[in-house]
Amino acid sequence: MSYPQPDQHEILESSLVVVAEDQISSDLGGEAVILNMKSGIYHGLNEVGARVWNLLEQPKTVKEIKQVLLEEYEVEAEACTNDLFSLLDNLKAAGLIKVINETAA
């Protein structure tokens, strides 16, 4: 069975993810508020989203982020994966993170 090649902009478990430069964030009682300085739009994250955001201050793979969440929160692996990819897709769409996919040589 052949699988389509991943889109260069697709987020994969092996993708390296880091916060974008054109943003400012603040911790508000365990939650996070992020301002996209280009768009002027604020984004809010709940406690788990804020934890992911803090992890992204240094480049991490999606797999590394998922592992931390599975260790720190009582969550099923599949639910964690689905929620993490959904959050990362939203952060990427908002221009708040950069996603780097390694290309196979």
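The values are calculated or read from the model by the stated rules, or taken from the named source; none is laboratory data. In this text, all values refer to a predicted model and were calculated from it rather than measured experimentally. As a convention, Cβ positions derive from the backbone with ideal geometry for all residues, glycine included, and neighbour counts pool all protein chains shown. The accessibility values were calculated without ligands, DNA or RNA, using every heavy atom of the protein model including side chains. Shrake-Rupley method; radii C 1.70, N 1.55, O 1.52, S 1.80 Å.
In loop segments of the range 15-73 as defined by DSSP, the chymotrypsin sites (Phe, Trp or Tyr not before Pro) with at most 16 further C-beta atoms inside 10 Å of their C-beta are Y73. In the full protein context, the chain carries 66 Å² of accessible surface per residue, based on a 1.4 Å probe and ignoring ligands, DNA and RNA.
The relative contact order of the chain comes to 37 percent, based on Cα pairs under 8 Å that sit 6 or more residues apart. Residues considered: E74, E57, E31. Largest GNM mean-square fluctuation over the chain, using C-alpha springs under 10 Å, is found at E74. Subtracting the Cα-Cα distance of V75 and S14 from their residue separation scaled by 0.36 nm leaves 19.9 nm. Between I11, I41, I65, the GNM of the chain built on Cα springs shorter than 10 angstrom shows I41 fluctuating the most. The alpha carbons of the chain stretch over 47, 35, 19 Å along the principal axes, in descending order.
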